[in-house]
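The values are calculated or read from the model by the stated rules, or taken from the named source; none is laboratory data. A quick note: this is a predicted structure, and the numbers were derived from the prediction, not measured. In this analysis, Cβ positions are derived from the backbone assuming ideal geometry, glycine residues included, and neighbour counts consider all displayed protein chains. Side chains included, ligands, DNA and RNA excluded: accessible areas come from the protein's heavy atoms. Shrake-Rupley method; radii C 1.70, N 1.55, O 1.52, S 1.80 Å.
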Amino acid sequence: KRVLGIGIPNGLENSMFQLGKIIVLSLVSTFGTYAIAANAVSNVVASFQVLPGMALNLAITTVISQCVGAHDYEQAQHYTKKLLKIAYASLIVFNLFIVAMLPVIIRAYHLSPETAAITRKILLYHTLCCVTVWPVSFTLPNTLRASNDVKYTMVTAIISMWIFRIFFSFI
């Protein structure tokens, strides 16, 4: 029962996240060939941009769940702050490297000038969001999930996904 109490909300959240990606992708597909190609390349590079944060998400889940399991909430708070700072620092360093390598990365895909320009804009915007918003949006909720607070993260993620990902994509 306890496993399902964590697994079902987490599964719903992940399902809604994937549904949101599909809806946005269907919107992008109406923009034409340049936008579709730029989006595809950007998605691949963006998945690399968040790698340090994703690695830290695995660590934070393990560390915080052990602290909460031991009822040491002060340590959980300490490690949350510490790992969140590490997430920000690692994402900044990693993304600065990727931005510096963007000309090489874009050239490797042999994109047309129009597609390359769109890809560069998308990736620069993603970089900005990645180093400012991503840790609060993905790393911090993992702390709450590790503390058995999956319902709050599920509701927040679903509401924000429908507002920011879907609604603002159409705008």
Which numbered condition residue 52 fails, given (1) surrounded by fewer than 18 Cβ atoms within 10 Å (Cβ to Cβ); (2) modelled with pLDDT of 95 or more: (1)
Any chance residue 168 is under 16 Å from the mean Cα position of the chain (by Cα), open to solvent by 50 Å² or more (accessible area, probe 1.4 Å), free of Cβ contacts under 8 Å to residues at least 24 places away in the same chain and farther than 30 Å from residue 78 by Cβ: no
The one condition in (1) under 24 Å from residue 35 (Cβ atoms); (2) of a type in the set (Val, Ile, Thr); (3) in contact with a helix residue (DSSP H, G or I) (Cβ under 7 Å, 6 or more places away or on another chain) that residue 104 fails to fulfil: (3)
Check on residue 99, in contact (Cβ under 8 Å) with a residue 24 or more places away in the chain, among the aliphatic types (A, V, I, L, M) and either touching a Cys at 6+ places or on another chain (Cβ under 8 Å) or farther than 22 Å from residue 28 by Cα (or both): yes
Subset tally (residues that are small (Gly, Ala, Ser) and out of contact with any helix residue (DSSP H, G or I) (no Cβ under 9 Å at 6 or more places or on another chain)) for the stretch 12-39: 3
Residue satisfying all of: in the stretch 5-37; part of a helix (DSSP H, G or I) and of a type in the set (Phe, Trp, Tyr); least open to solvent (accessible area, probe 1.4 Å) among these: 17
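Residue-wise test of (1) touching a strand residue (DSSP E or B) at 6+ places or on another chain (Cβ under 6 Å); (2) among the hydrophobic types (A, V, I, L, M, F, W, C); (3) over 24 Å from residue 44 (Cβ atoms).
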position: 101; (1), (2), (3): no, yes, no
position: 108; (1), (2), (3): no, yes, no
position: 128; (1), (2), (3): no, yes, no
position: 137; (1), (2), (3): no, no, no
position: 140; (1), (2), (3): no, yes, yes
position: 151; (1), (2), (3): no, no, yes
position: 157; (1), (2), (3): no, yes, no
Every pair of residues 6+ apart whose Cβ atoms lie under 9 Å, when the first sits in the stretch 109-127 and is among the basic types (Lys, Arg) and modelled with pLDDT of 95 or more while the second is surrounded by fewer than 19 Cβ atoms within 10 Å (Cβ to Cβ) and in a helix (DSSP H, G or I): 120/102; 120/103
